[in-house]
Ligand SMILES: C[S@@+](CC[C@H](N)C(=O)[O-])C[C@H]1O[C@@H](n2cnc3c(N)ncnc32)[C@H](O)[C@@H]1O
């Protein structure tokens, strides 16, 4: 198998200008014919994730971070898959993602099951189990706490203020750059570390015998510590013209944690282009896929507004790269 260099650019570029006058179905056809098995670095492709992913080579991306359409959500704006069909819809896409993710890469799936008839749906849990059967490791679950969520009440629950960010990997030896997401130690430390008892200075075995010991004195003179697996981030969707955009800080956190500068990040449901913006900010390559022309164009516009195109982008756009 040919090894992909991340500096390698696809030889035949498809012209974005030409695409504007074409329908999505035509675009998909052109796309798969012209850039078959090439990595379309720093591009957003208008098409169906499953079809577009099939044209990518094996093990060509370092990280996949995405938020797919949730079941039965926002039917009017971008369709919706029923909870019953969700697993069978998503699994072939997950299989393609597994093929194109590097063996030391990570896949972050931002998702939240809805409640229906007084109960939470189980399709996310079923999806996790099926993905494990298809060879994925369910390595971790991060929680995105929407810290600006406003209050609300239903007869049997309160407002949803968190979403899952499921972390899947292909192997136990995946790349993780933990120091990049360290946080200030916080004010608790001043009080807690000012008077250390004798047990604080040795490895103190947990009273529950859980095997997790701690030596509090390890934290003396530290200003930065590792974060927890709960991300407290505000939503930002009101200014994005996309009803389900995540805040740029969400993909950024995972991009810093699981990739280095020059690596490649894929978002197969890129919507308004948030993941691409995060990649530009952090000097990573991006590949985005979006089925709706309206959102595809929105993503292009957001990138343009924020970043002046490079010579490579311009050549690419005119089909002479
Ligand atoms: C939850 S939104 C993603 C929002 C995105 N994270 C952002 O910040 O804007 C899911 C997106 O997936 C797109 N989508 C739905 N089905 C798709 C498919 N089969 N292939 C590619 N994109 C699809 C929708 O149009 C929608 O924009």
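Computed from the coordinates by the stated procedures, all read-outs in this text should not be read as laboratory data. Note that the structure is predicted; figures quoted are calculated from it, not measured. Cβ sites come from the backbone with ideal geometry, for glycine too, and all protein chains shown count toward neighbours.
Could you line up 124, 248, 61 from fewest to most neighbouring Cβ atoms inside 10 Å?
Details: 124 22, 248 18, 61 25.
Neighbour counts put them in this order, fewest first: 248, 124, 61.
Report P(r) for segment 78-201: all Cα-Cα distances, bin width 5 Å, range 0 to the bin holding the largest distance, values in whole percent.
Taking every Cα pair in segment 78-201, the percentages come to 2, 8, 13, 16, 15, 13, 11, 10, 7, 4, 2, 1, 0.
Starting with the fewest neighbours, write out 228, 301, 259 ranked by other beta-carbon atoms found within 10 Å of each beta-carbon.
Placing the least packed residue first, the sequence is 228, 301, 259.
Over all pairs of distinct alpha carbons, what does the Kirkwood formula give as the hydrodynamic radius of segment 233-314, in Å?
Evaluated on segment 233-314, it is 12.9 Å.
Could you list 171, 149, 55, 194 in order of exposure, starting from the residue whose Cβ has the fewest other Cβ atoms within 10 Å? Spell out each step's value before the answer.
Details: 171 11, 149 14, 55 20, 194 7.
So the ranking, lowest neighbour count to highest, is 194, 171, 149, 55.
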